[in-house]
Amino acid sequence: MIHLGIIEDEPIMLASIEECFEANRDVRVELATTSVEQFLSRLPASSPLNTLLLDIMLPGMDGIAGIPRLLERWPEMDIIMLTNSDESDNIFRALQAGAVGYISKRRVNPSIIRDAVHTVNRGGSYMSPSIARQVVAFHNQQRKKSTVSAADQLTTRQLDIVQGLVDNLSYREIGERLDISIETVRDHIKNIYRKLQVNSKMEVVHKKLKGEI
């Protein structure tokens, strides 16, 4: 049995969501309110609530701020966000706070709402297509950033200096090999340390020998 809660401040939308489940024997609406504060004050922690449809823009405490308070009372509850905005910032703030689904109200219909509730109840995560695309784009961007390692940012000259360190040359010997001053060698090494996030010559050599540079 799905024990559903609804927090939505638009009366017409709230009534429409409730109607979606009137004929569903496997879904029981435990409580529908227009604010997080009202929901918390009217539904005890002993309620079997396991799924919640939660609007973001609410009077008083907004939906994202309400997520920790709601999960504190019902830790195992699945939260699906409802929103008129597809702003990436709100999407990721809600997901980071603990939401498992996200529905755009601009493209919603009874079938989508029912599908979302049943999907998360089965252990899945539901997102409107437009929101899912933003999530995928964000993760692709993060993956691309992670594949560009600090080592890839080293210049040709810095790579030559790294090789000099591997060859156990002194700063002066590296400068003579590359026809640059010892101060220039030192400046390059400082930048190499910063890019590789290391603090010593041995760490640089170790990364080179491991094939990380």
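The values are calculated or read from the model by the stated rules, or taken from the named source; none is laboratory data. Note that the structure is a prediction, hence the values are computed from the model and not measured. Backbone-built Cβ (ideal geometry, glycine too); neighbour counts: all protein chains shown. Accessible surface areas use protein heavy atoms only, side chains included; no ligands, DNA or RNA. Shrake-Rupley method; radii C 1.70, N 1.55, O 1.52, S 1.80 Å.
Structure values in brief
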quantity: The listed residue being within 25 Å of M1 (Cα to Cα) and out of contact with any Phe, Trp or Tyr (no Cβ under 9 Å at 6 or more places or on another chain), out of V108, V120; calculated: V108
quantity: Selection from the stretch 72-99 of residues that are open to solvent by 30 Å² or more (accessible area, probe 1.4 Å) and in contact with a Gly (Cβ under 8 Å, 6 or more places away or on another chain); calculated: D78
quantity: Scope the stretch 100-116; condition open to solvent by less than 20 Å² (accessible area, probe 1.4 Å) and hydroxyl-bearing (S, T, Y); matching residues; calculated: Y102, S104
quantity: Members of the stretch 6-25 that are open to solvent by less than 70 Å² (accessible area, probe 1.4 Å) and without any contact (Cβ under 8 Å) to a residue 60 or more places away in the chain; calculated: I6, I7, D9, L14, A15
quantity: Residue ranges of helices (runs of 4 or more DSSP H) in the stretch 101-207 with at least 1 members modelled with pLDDT under 85; calculated: 129-147
quantity: Qualifying positions in the stretch 59-85 - closer than 17 Å to H3 by Cα and under 17 Å from the mean Cα position of the chain (by Cα); calculated: D78, I79, I80, M81
quantity: Conditions (1) within 28 Å of the chain's Cα centre (by Cα); (2) within 25 Å of G123 (Cα to Cα); (3) acidic (D, E); (4) open to solvent by less than 70 Å² (accessible area, probe 1.4 Å); number of the one not met by E30; calculated: (1)
quantity: Residues (closer than 25 Å to H118 by Cβ and surrounded by fewer than 17 Cβ atoms within 10 Å (Cβ to Cβ)) located in the stretch 46-70; calculated: S46, S47, P48
quantity: Count of the stretch 173-213 residues which are among the charged types (D, E, K, R) and touching a residue at least 24 places away in the same chain (Cβ under 8 Å); calculated: 5
quantity: Residues of the stretch 88-100 that turn out to be in contact with a strand residue (DSSP E or B) (Cβ under 8 Å, 6 or more places away or on another chain) and assigned to a helix (DSSP H, G or I), as a count; calculated: 4
